[in-house]
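A.B. asks: Have a look at this one.
The values are calculated or read from the model by the stated rules, or taken from the named source; none is laboratory data. Since this is a predicted model, take the numbers as computed values, not measurements. Cβ: placed from backbone, ideal geometry, glycine included. Neighbour counts: every protein chain shown. Protein only, heavy atoms only, side chains kept; ligands, DNA and RNA dropped before computing areas. Shrake-Rupley method; radii C 1.70, N 1.55, O 1.52, S 1.80 Å.
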Amino acid sequence: MEQDDIREWMGDQGSEGAYLADGFEDAFVGCVDVFGVDGVLAVYDEEKYMEILMIKNEWTADEAIEWFEYSTLAGRSDPRDPVFIKFHPDQVA
């Protein structure tokens, strides 16, 4: 799915202003409503996001986790920032 397709779909879901993670389109899984936030937020598969980080940067899993925790999760500064989901192993096809 392309960034423009995601943005259009998110707009159809009621969120024109949600921030997306550029370059991580393959990790996009949908959206979520959050109480107190205007519109829906983009949701990304955390495991897939990590895989993309490792491939793009030639990082180990530990390097990707460290960067993700420090730069992505700790860097959340706006309520419209994307959120990340960890799937339960029994729920993954």
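A.B. asks: Per residue of the stretch 63-73, in order, report the coupling 6.51 cos²θ - 1.76 cosθ + 1.60 (Karplus, θ = phi - 60°) as ³J(HN,Hα) in whole Hz, putting x for Gly and Pro.
C.D. replies: 5, 5, 4, 4, 5, 4, 5, 7, 8, 9, 5
A.B. asks: Can I ask one more? How much FRET efficiency would the formula 1/(1 + (r/R0)^6) give for Asp90 and Thr60, where r is the Cβ-Cβ distance and R0 is 22 Å, rounded to 0.05?
C.D. replies: 0.20
A.B. asks: A further question follows. Compute the angle between helix 3-12 and the longest alpha-carbon principal axis of the chain, please, reported from 0 to 90 degrees and rounded to the nearest 10.
C.D. replies: Rounded to the nearest ten degrees, it is 40.
A.B. asks: Under the rule of at least 5 residues apart or a separate chain, name every residue whose amide H is placed under 5 Å from the amide H of Cys31.
C.D. replies: So Cys31 has HN proximity to Val43.
A.B. asks: While we're looking at this one, here's another question. Roughly how many Å² is the accessible area per residue of the chain, as a whole number, for a 1.4 Å probe?
C.D. replies: Value returned for the chain: 68 Å² of accessible area per residue.
A.B. asks: So what's the angle, to the nearest 10 degrees on a 0 to 90 scale, between helix 46-57 and the longest Cα principal axis of the chain?
C.D. replies: So the helix axis and the longest Cα principal axis differ by about 60 degrees.
A.B. asks: Give me the percent of DSSP beta bridges within the chain that run antiparallel, rounded to the nearest 5.
C.D. replies: Antiparallel bridges make up about 60 percent of those DSSP assigns within the chain.
A.B. asks: Leaving out ligands, DNA and RNA, and with a 1.4 Å probe, what % of the accessible surface on the chain is carbon or sulfur?
C.D. replies: With neighbouring chains kept in place, the figure for the chain is 49 percent.
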